[in-house]
Amino acid sequence: MYKHILVAIDGSETAQHALKAAIRLAKVQQSELLVVHVINEISMSLPEGGYVPDVQEAFRESGREILRQAESDARKAGVTAETILLEIDKFGQNAADMIVAEAENRGADLIVIGSHGRRGIRRLLLGSIAESVMRLASRPVLLIRGE
């Protein structure tokens with residue numbers, strides 16, 4: 001039985017499928033749900049080490065809106081959800097590491113994440129956060145494929 005479920009979302013349709021699956025599972029198992037969204041501040045850095053404040057804040061606000069909607073979806077289903085916006089702010093950090101670390105820190109029994117199912121050169125170029133989470137996690141990972 002999973003009492004603490006972490007679901008990672010990015011605003012995509014695939015992540016929405018993962019969120020719905022996590023909500024259904026949390027409802028059936030009477031679990032607590034933690035919804036996380038990761039933004040990458042480093043990608044918004046200028047070469048001189050400065051930031052583009054308007055873009056940075058736009059990404060934060062977009063992330064907060066994604067989390068607000070997820071919390072609303074969970075509440076409508078009768079599931080209590082906590083949300084957290086994670087920010088990559090150091091070189092060498094990546095989304096998968098942050099998701100796994102948050103699951104460890106919060107004592108999650110299960111990580112739910114969507115996968116776009118990329119193959120070939122697209123997978124090589126774009127990488128797979130879901131695949132990295134599966135490799136790094138010390139707890140079960142439920143992978144939800146996009147439709």
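The values are calculated or read from the model by the stated rules, or taken from the named source; none is laboratory data. As the structure is a computational prediction, the values presented were derived from the model and not from experiment. Please note: Cβ atoms are built from the backbone with ideal geometry, for glycine as well, and neighbour counts cover all protein chains shown.
Worth pointing out:
- Residue under evaluation residue 81, criteria (1) more than 11 Å from the chain's Cα centre (by Cα); (2) surrounded by fewer than 16 Cβ atoms within 10 Å (Cβ to Cβ); (3) at pLDDT 95 or above, criterion not met: (2)
- Residue identified as assigned to a helix (DSSP H, G or I), modelled with pLDDT under 95 and within 12 Å of residue 9 (Cα to Cα) among 130, 70: 130
- For first residues located in segment 67-93 and at positive phi, partners that are at pLDDT 95 or above and surrounded by 14 or more Cβ atoms within 10 Å (Cβ to Cβ) and lie 6+ apart or on another chain with Cβ distances below 8 Å form the pairs 78/27.
- Residues located in segment 28-60, provided they are at pLDDT 95 or above and over 18 Å from residue 114 (Cβ atoms): 28, 29, 30, 31, 32
- Segment 73-111, residues that are part of a strand (DSSP E or B) and closer than 20 Å to residue 129 by Cα: 83, 84, 85, 86, 87, 88, 110, 111
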